1. Could you tell me the ratio Rg/Rh of region 154-312? Both radii from Cα atoms, Rh via Kirkwood.
2. For the pair Val61/Met40, report the inter-label distance in nm, with labels modelled 7 Å from Cα in the Cβ direction.
3. Could you work out how much longer the chain between Lys103 and Gln186 gets when fully extended? Use 0.36 nm per residue separation minus the Cα distance between them, nm to one decimal.
4. Please list Met108, Met96, Met274 in order of solvent-accessible area, largest first, computed with a 1.4 Å probe with all protein chains present.
5. Mind giving me the FRET efficiency for Thr166 and Ser53? R0 is 35 Å, r the Cβ-Cβ distance, nearest 0.05 is fine.
6. How much accessible area per residue does region 119-181 have, in Å², with a 1.4 Å probe?
7. Less than 12 Å apart at the alpha-carbon level, and either on another chain or at least 8 residues along: which aspartates and glutamates does that give for Lys68?
8. Radius of gyration and Dmax for the chain's Cα atoms, expressed in Å?
Amino acid sequence: MRRNPFGVDICCRKGSRSPLQELYNPIQLELSNTAVLHQMRRDQVTDTCRANSALSRKRRVLTPNDLKHLVVDEDHELIYCYVPKVACTNWKRLMMVLTGRGKYSDPMEIPANEAHVSANLKTLNQYSIPEINHRLKSYMKFLFVREPFERLVSAYRNKFTQKYNTSFHKRYGTKIIKRQRKNATQEALRKGDDVKFEEFVAYLIDPHTQREEPFNEHWQTVYSLCHPCHIRYDLVGKYETLEEDSNYVLQLAGVGSYLKFPTYAKSTRTTDEMTTEFFQNISSEHQTQLYEVYKLDFLMFNYSVPSYLKLE
């Protein structure tokens with residue numbers, strides 16, 4: 001077995017305490033500020049699900065297909081629900097290190113495209129029903145969330161303004177332009193590579209879109225991807241406190257002494273100021289309709305209504 005640079009085998013959890021025990025029954029009896037913060041986040045999700053039960057629990061039973069975003073780490077008893085545009089590439093890299101049984105030691109040596117190869121990670125939908133239930137009950141479940149409209153603008157910028165994303169331009173761009181742009185040129189209809197943000201928003205709030213097929217995972221709501229009203233997550237990490245929350249998860253898993261969340265400066269990151277600019281040209285009617293689409297994510301994860309919105 002390969003060892004990581006610190007000389008520690010990283011395949012298996014050390015000691016007899018599971019991450020769930022570390023979280024809910026810490027050896028130090030007094031709760032840390034971090035533990036209190038995460039308890040508040042859990043309570044926020046529970047309270048929102050209860051208050052919006054008609055909306056949040058439309059479907060009473062989850063199917064295995066609903067669990068394809070939940071990555072399982074058997075050795076450390078972790079389940080991670082990945083949300084695109086919320087540091088999921090780096091978290092998938094970390095999960096490959098944790099589940100690789102020594103094959104990987106440095107997450108940043110794993111190419112980004114390799115982190116997204118489905119065969120490199122095992123997801124919960126690949127298990128039998130009894131195995132699924134056992135893991136949901138005894139493994140520590142966590143996810144990471146982001147301010148919903150900042151995540152949405154990040155998805156738009158990545159998928160519709162980058163020339164290399166031709167698959168998205170063909171699959172979604174052509175459809176959006178055909179439906180939302182009057183007098184579109186033949187080239188625009190063929191390439192789909194110049195979708196405006198206003199057209200993207202109009203596509204998202206169009207009832208026909210939601211009847212046609214589920215949203216793509218890059219702009220699907222977190223509650224539809226991870227089902228937090230059906231699955232009780234033990235930790236809700238936030239993009240705004242990404243390093244602290246990520247390293248807390250690793251600490252609970254017993255690997256925090258030699259594995260840290262990768263940090264690097266990204267100048268292209270979508271910010272709140274950038275998001276504000278994108279919404280300047282969106283009508284108040286469309287802003288209101290879009291907020292309704294993502295409302296549960298705002299409420300569930302305690303994000304306030306953005307100050308730049310002009311809701312009707």
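1. 1.01
2. About 3.9 nm separates the two model spin labels.
3. 24.9 nm
4. If we order Met108, Met96, Met274 from most to least accessible, we get Met108, Met274, Met96.
5. 0.25
6. 45 Å²
7. Reachable aspartates and glutamates: Glu217.
8. For the chain, the Cα radius of gyration and maximum Cα-Cα distance read 20.5, 67 Å.
The values are calculated or read from the model by the stated rules, or taken from the named source; none is laboratory data. Nothing here was measured: the structure is a model prediction, and the numbers come from that model. Neighbour counts run over all protein chains shown; Cβ positions are idealised from the backbone, glycine included. In case anyone asks, the SASA skips ligands and DNA or RNA and just uses the protein heavy atoms, side chains included. Shrake-Rupley method; radii C 1.70, N 1.55, O 1.52, S 1.80 Å.
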